[in-house]
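S.K.: Structure below; questions to follow.
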Amino acid sequence: KCPHLSLIPVIDSTNQHLLDRVGQLPSGAVCLAEYQQAGRGRRGRQWLSPFGSNLYLSMYWRLDAGMAAAMGLSLVVGIAIADTLTALGAQDIKLKWPNDLYFQDKKLAGILTEMTGQAGDAAHLVIGMGLNIAMPTKEGSEIDQAWTNLADACDTLPSRNVLAATLVERLHTTLTEYEVCGLEGFITRWNEYDNFLNRPVKLLIGERVVEGIARGIDKQGGLLLETEQGITPYIGGEISLRGC
Ligand code: ATP
Ligand code: BTN
């Protein structure tokens with residue numbers, strides 16, 4: 001089935017485009033752009049989105065289970081992207097809790113899930129992903145953390161059209177499975193992709209820093225951190241994970 005698709009060469013943000021049109025779109029609608037003037041990451045951070053062959057893709061998803069299920073959904077999106085890239089020939093694709101894809105300890109892609117809706121009602125989610133395929137060196141030099149391209153993870157790069165189409169199809173299947181079955185069946189799969197599983201990490205929680213060993217995710221999608229006090233789940237959008 002063909003999704004509702006907006007292909008827009010230059011845009012502020014593909015997430016914003018869908019958020020502005022939530023009431024007029026079917027669930028599963030997709031927006032793709034060549035260039036974002038105001039691509040964004042979490043907490044107002046910038047997502048560098050130059051022309052080139054990168055992927056800037058957002059999908060609108062109506063989640064009947066409501067906002068409480070949104071955290072799990074954004075983890076499952078990571079699995080859908082990692083599965084897609086792996087199926088298309090990429091090797092050693094990894095996830096970093098909660099919302100990044102990694103290759104060789106460098107950031108390859110980011111996921112930003114934004115929502116509108118009221119407690120108790122269906123949540124209207126816009127799930128955005130930015131994937132570096134062949135980031136131009138000049139723009140890449142502006143990124144203030146280690147990053148990489150899909151071109152480095154693949155012997156043969158798939159065409160961007162094939163990549164986008166396969167990704168959209170996989171997102172549909174995976175999100176539908178999540179709505180029916182919940183997060184539980186995805187936990188082992190997520191942990192298999194976990195870049196930091198059993199590695200020392202620190203969590204930045206506002207001004208606080210907690211160090212420990214990452215032990216994967218739990219049934220709620222929280223990150224399990226082992227410290228001398230035992231294993232504690234950490235959950236919430238204001239937490240950032242860093243390798244030690
Ligand atoms: P967190 O763990 O809190 O998610 P983060 O540094 O990954 O931390 P995000 O908001 O997820 O922060 O992503 C935005 C950050 O990603 C930017 O501050 C920048 O460091 C980095 N970044 C921006 N554009 C790109 C890009 N095209 N490719 C890789 N990394 C990028
Ligand atoms: C992150 O790592 O913080 C998430 C980055 C998400 C970037 C994508 S690009 C497509 C969509 N539109 C945006 O403005 N952001 C997301």
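S.K.: Rg (Å, one decimal) plus Dmax (Å, integer) for the alpha carbons of segment 82-145?
M.R.: 14.9, 46
S.K.: Sticking with this one: Stokes-Einstein diffusion coefficient for segment 151-236 at 20 °C in a medium of 1.002 mPa s, Rh from the Kirkwood formula over Cα pairs: what value in µm²/s?
M.R.: 139 µm²/s
S.K.: Let me ask something else. Restricting attention to segment 12-94, which trypsin sites (Lys or Arg not before Pro) occupy a DSSP loop and are surrounded by at most 15 other Cβ atoms within 10 Å?
M.R.: Loop-located and lightly packed - Arg21, Arg45.
S.K.: Based solely on C-alpha atoms, express the radius of gyration and the Dmax of segment 1-103 in angstrom.
M.R.: When restricted to Cα atoms, segment 1-103 yields Rg and Dmax of 14.4, 39 Å.
S.K.: Find the relative contact order for the chain and round it to a whole percent, using C-alpha pairs within less than 8 Å whose residues are 6+ positions apart.
M.R.: The value is 17 percent.
S.K.: Would you calculate, for the chain, the mean residue ellipticity at 222 nm contributed by helices, counting each DSSP H stretch of 4 or more residues as -39,500 (n - 2.57) and dividing by all residues, to the nearest 500?
M.R.: My calculation for the chain gives -7500 deg cm²/dmol from helical runs alone.
S.K.: Among Ala69, Ala165, Ala33, whose mean-square fluctuation peaks in a Gaussian network model of the chain (Cα, cutoff 10 Å)?
M.R.: Highest fluctuation among the options: Ala165.
S.K.: Round to the nearest 0.05 the FRET efficiency obtained for Thr86 and Ile187 when R0 = 30 Å and r is the Cβ-Cβ distance.
M.R.: Efficiency for this residue pair is about 0.95.
S.K.: Per residue, how big is the convex hull of segment 126-192 when only Cα atoms are used? Give it in Å³.
M.R.: Convex hull of Cα atoms, per residue: 147 Å³.
S.K.: Applying the Karplus parametrisation 6.51 cos²θ - 1.76 cosθ + 1.60 with θ = phi - 60° to the phi angles of segment 14-31, what ³J(HN,Hα) value in whole Hz is obtained for each residue in order, glycine and proline being reported as x?
M.R.: Values, residue by residue: 5, 5, 5, 4, 6, 4, 6, 10, 3, x, 9, 10, x, 4, x, 4, 10, 10 Hz.
S.K.: OK, next. Among Val209, Val201, Val22, determine the one that fluctuates most according to a GNM of the chain built with springs between C-alpha atoms less than 10 Å apart.
M.R.: For the chain, modelled as a Gaussian network with Cα springs under 10 Å, the answer is Val209.
S.K.: Indicate the gyration tensor shape class of segment 5-192 (rounded, prolate or oblate), computed on the Cα atoms with a ≥ b ≥ c the square roots of the eigenvalues: a/c under 1.5 is rounded; otherwise a/b larger than b/c is prolate and the rest oblate.
M.R.: Oblate is the answer for segment 5-192, as a/c is 1.5 or above yet b/c matches or exceeds a/b.
S.K.: Over segment 52-197, what is the relative contact order in percent, taking alpha-carbon pairs closer than 8 angstrom and at least six residues apart?
M.R.: Relative contact order for segment 52-197 comes out at 35 percent.
S.K.: Counting GluC sites (Glu not before Pro) as exposed when in a DSSP loop with at most 11 other beta carbons within 10 Å, what is the longest stretch of the chain free of them?
M.R.: No qualifying site falls inside 1-141, the longest such stretch.
S.K.: Please report, in Å, the Rg and the Dmax of segment 196-243, where both are computed over Cα atoms only.
M.R.: Cα-based Rg and Dmax for segment 196-243 come out at 9.7, 27 Å.
S.K.: Considering Cα pairs under 8 angstrom that are at least six residues apart, work out the relative contact order of segment 64-142 and quote it in whole percent.
M.R.: Contact order relative to length: 29 percent.
S.K.: Ok, one more. Can you list residues from other chains, or at least 5 along the same chain, whose modelled amide H is less than 5 Å from the amide H of Leu108?
M.R.: Amide H neighbours of Leu108, under 5 Å, 5+ apart: Leu101, Tyr102, Phe103, Thr148.
Taken together, the values in this text are just the output of simple stated rules run on the coordinates, not laboratory data. It should be emphasised that the depicted structure is a prediction, and the values quoted were computed from it without experimental measurement. Every residue, glycine as well, gets a Cβ built from its backbone with ideal geometry; the counts of neighbours run over all protein chains shown.
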